[in-house]
Each structure stands twice: as C-alpha cells, then as structure tokens.
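I have placed the structure first, in the form of structure tokens, so that the comments after it can refer back to it.
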Amino acid sequence: VPDDLLLGLKFIFGPSAVPALDLVDQRSVTRVTSPNGRTAYQVLGSSGKLYTCYSSCHFCTCPAFGFTVLQKSESLLCKHILAVYLSQAMGACQELTVSEEQLTSILLAEEEDEG
C-alpha cells in the first residue's frame, strides 16, 4: 500500500487501519457464499477467534464493534469490517462455498456465542 494511501486510511479509520491491513496481509478474510447467493465474511482475528462480518449491513460480531462502534460511537468500524472492505478492494479474500445448511449453522453459531 503506498504511503499516501496508508496515511489516508489512518486519518479516516484511526487505529483500526494498520491492524486491518495486517489481517488482509495474513489472508484472514474469507467470503462464505451459499448456492442461493447469500454471503457473509469470516475474519480470523489476531486473537485467533473467528468473527462473522456482514458488509451488506456493516456489522461485525466482535466485542470491539459492539462497544466502540455501537455503544460509544467512537469509531466508524472495527478492524475486521475494515479488513473485509480492504480485501474486497484488493481481491484478497479467500473463497468458501458452503451449503445453505452450513451457512445457517455458521450464522446460528454466532448467535449462540453471543447469547
């Protein structure tokens, strides 16, 4: 990433920019697609935990998103969502096609983790 673009990312997204780029460099973003076209993204976080992100509604299941973005409104997004957007733009997403049932299980597993 050129220095001027990196500076712009850091200016707009603050402390999330560099960790998000690290996630992209590590190829930690996977686009999970089902046969009917439903899509979610899974990002392997730096802690080793897998987070599910929805770029269509700008949401991540990580605690930082819930606290910093939703509760405090201190940030536009977490590093996982930014990594999804950057990996889309750079063509750096891993691809995984799953059945409708598998995608439903992925989405429900996230719900159970939160509950």
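The values are calculated or read from the model by the stated rules, or taken from the named source; none is laboratory data. Small disclaimer: the values here were computed from a predicted structure and weren't measured. So basically every Cβ, Gly included, is an ideal-geometry build from the backbone, and we count neighbours across all protein chains shown. Just the protein is used for accessible areas: all its heavy atoms, side chains included, with ligands, DNA and RNA removed. Shrake-Rupley method; radii C 1.70, N 1.55, O 1.52, S 1.80 Å.
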Given the structure, is GLY37 without any contact (Cβ under 8 Å) to a residue 12 or more places away in the chain and of a type outside the set (Phe, Trp, Tyr)? yes
Checking LEU5, LEU23, LEU44 in turn, the sole residue that is in contact with a Lys or Arg (Cβ under 7 Å, 6 or more places away or on another chain) and of a type in the set (A, V, I, L, M, F, W, C) turns out to be LEU23
HIS58 fails exactly one of (1) free of Cβ contacts under 8 Å to residues at least 12 places away in the same chain; (2) surrounded by fewer than 18 Cβ atoms within 10 Å (Cβ to Cβ); (3) farther than 20 Å from ALA109 by Cβ, namely (1)
Next item on the list: Might you check whether a residue that is closer than 20 Å to THR33 by Cβ and surrounded by 15 or more Cβ atoms within 10 Å (Cβ to Cβ) occurs anywhere in segment 63-79?
Entry: no
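Residue-by-condition table, conditions (1) modelled with pLDDT of 95 or more; (2) within 18 Å of VAL1 (Cβ to Cβ); (3) assigned to a strand (DSSP E or B):
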{"residue": "VAL24", "(1), (2), (3)": "yes, yes, no"}
{"residue": "GLY48", "(1), (2), (3)": "no, no, no"}
{"residue": "SER56", "(1), (2), (3)": "no, no, no"}
{"residue": "ALA64", "(1), (2), (3)": "no, no, no"}
{"residue": "SER75", "(1), (2), (3)": "no, no, no"}
{"residue": "ALA89", "(1), (2), (3)": "no, yes, no"}
{"residue": "LEU96", "(1), (2), (3)": "yes, no, yes"}
{"residue": "LEU103", "(1), (2), (3)": "no, no, no"}
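Given the criterion on the phi < 0 side of the Ramachandran plot, outside any strand (DSSP E or B) and of a type outside the set (D, E, K, R), identify the matching residue among VAL18, VAL43, VAL32. Walk me through how you get there before you give the answer.
Details: VAL43 fails: outside any strand (DSSP E or B); VAL32 fails: outside any strand (DSSP E or B).
VAL18 is the lone residue from the list that is on the phi < 0 side of the Ramachandran plot, outside any strand (DSSP E or B) and of a type outside the set (D, E, K, R).
Considering only residues that are open to solvent by less than 90 Å² (accessible area, probe 1.4 Å) and in a loop (DSSP other than H, G, I, E, B), which ones fall in segment 1-15?
PRO2
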For segment 80-98 the number of residues that are touching a Lys or Arg at 6+ places or on another chain (Cβ under 9 Å) and either among the charged types (D, E, K, R) or open to solvent by less than 10 Å² (accessible area, probe 1.4 Å) (or both) is 3
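On the given criteria, is SER47 without any contact (Cβ under 8 Å) to a residue 24 or more places away in the chain and loosely packed, with under 13 Cβ neighbours inside 10 Å?
Working: without any contact (Cβ under 8 Å) to a residue 24 or more places away in the chain: yes; loosely packed, with under 13 Cβ neighbours inside 10 Å: yes.
Here the answer is yes, as SER47 does meet what is asked.
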* Is there a residue in segment 88-98 that is closer than 30 Å to GLY8 by Cα and touching a Cys at 6+ places or on another chain (Cβ under 7 Å)? -> no
